[in-house]
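Written out below as structure tokens is the structure these notes cover.
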Amino acid sequence: MSLLVSMNEFLPQAKAGKYAVGQFNMNNLEFAQAITEAATELKSPIIFGVSEGALKYMGIEYTVALAEASAKKSGLPIALHLDHGSSFEVAMKCIRAGFSSVMFDGSHYSFEENIRLTKEIVKVAHAMGVSVEGELGTIGGTEDDISHDEASAQLAKPEEALRFYEETKVDALAIAVGTAHGVYKGEVKIHNDIIEKVAAAIPVSIVLHGGSGVPDELIAQAIAAGASKINVNTENQVAGTAAIREVLAKDSKVYDPRKYLTPARNAMIDVVKSKIQLFGSAGKA
């Protein structure tokens, strides 16, 4: 029996309580440890996000084992979530391997096709007790080396979001509201009016992708508007890598990975703790 839980164990409470639970992407052991340590200290539920690129890098068995070890060690409600799954096949592979949640990103298909494909995944996932996140509109920036121009990213339409939810019955819905993946090039503008309309219209959590690098006050406003799941990855990557660069720049004789991965892990713990406090999920586990 896996210790991992679906997002339905904590997202409904977050939506009702006007706070958000963070999805922190896991890219290796240090990420898993840092995210879990920060969440344990602050008693917060967490979501490990795993992109298809990270899945290829770590291997599905290691990925599930790391997440299960984190859940076992911490006793926290942890969901292991496929981030931006591109197909029915990938989603099924993850569910079979032990993921407790999957995202199907059909935003590059037509609206009707996105509904059709998402529905198929929801049907199987729900039968297995696995939660599903859908996506509407396109989110700017770069995700696993796939780029979308921020200006041309399609904003979600509230009336389409309502229909999408009613037809698919997803457990969470990522809507394009102006955030972007990766590092921001211009000023961030989040369309909180869209979040408010959609959050009021549907009973499940609204997801904000591209939470890295968005000013804290904008995140707080998005949560107040109704976002209850927020994804963070780039900020951890940047902080971890900066710590490694610092160690290696100081001493060219360092070769033991533990000497530079420990500071990297500590830097990521700080990032995750600050996000958990900002999202309001501390003490909710």
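Within the span defined as the range 204-217, one or more residues are buried (at least 19 other Cβ atoms within 10 Å of the Cβ), of a type in the set (A, V, I, L, M) and either over 21 Å from residue 105 (Cβ atoms) or touching a Phe, Trp or Tyr at 6+ places or on another chain (Cβ under 9 Å) (or both). Selection over the range 115-134 of residues that are in contact (Cβ under 8 Å) with a residue 40 or more places away in the chain and open to solvent by 50 Å² or more (accessible area, probe 1.4 Å) gives a count of 3. Restricting the first member to the range 58-84 and to residues that are more than 15 Å from residue 9 (Cβ to Cβ) and open to solvent by 60 Å² or more (accessible area, probe 1.4 Å), and the second to residues that are at pLDDT below 95 and not in a strand (DSSP E or B), the beta-carbon pairs closer than 7 Å and six or more apart or on different chains are 68/2; 68/3; 72/3.
For the range 43-57, the set of residues classified as open to solvent by 60 Å² or more (accessible area, probe 1.4 Å) and touching a residue at least 24 places away in the same chain (Cβ under 8 Å) consists of 43, 57, listed by residue number. Among the residues in the range 246-263, are any touching a residue at least 12 places away in the same chain (Cβ under 8 Å) and closer than 27 Å to residue 103 by Cβ? No, that holds for no residue. Do you know which residues across the range 96-114 are of a type in the set (A, V, I, L, M, F, W, C) and buried (at least 21 other Cβ atoms within 10 Å of the Cβ)? Answer for the range 96-114, where residues must be of a type in the set (A, V, I, L, M, F, W, C) and buried (at least 21 other Cβ atoms within 10 Å of the Cβ): 99, 102, 103, 104.
Counting only residues that are closer than 23 Å to residue 136 by Cα and free of Cβ contacts under 8 Å to residues at least 40 places away in the same chain, which one in the range 218-245 is surrounded by the most Cβ atoms within 10 Å (Cβ to Cβ)? Out of the qualifying residues, it is 225. Examine the range 173-193 for a residue that is in contact with a helix residue (DSSP H, G or I) (Cβ under 7 Å, 6 or more places away or on another chain) and at pLDDT 95 or above, and state whether such a residue exists. Checked the range 173-193: at least one residue is in contact with a helix residue (DSSP H, G or I) (Cβ under 7 Å, 6 or more places away or on another chain) and at pLDDT 95 or above.
The values are calculated or read from the model by the stated rules, or taken from the named source; none is laboratory data. If you're wondering where the values come from, they're calculated on a predicted model, not measured in any experiment. Note that each Cβ is placed from the backbone with ideal geometry, even for glycine, and that neighbours are counted across all protein chains shown. Surface accessibility is based on the protein's heavy atoms, side chains included, excluding ligands, DNA and RNA. Shrake-Rupley method; radii C 1.70, N 1.55, O 1.52, S 1.80 Å.
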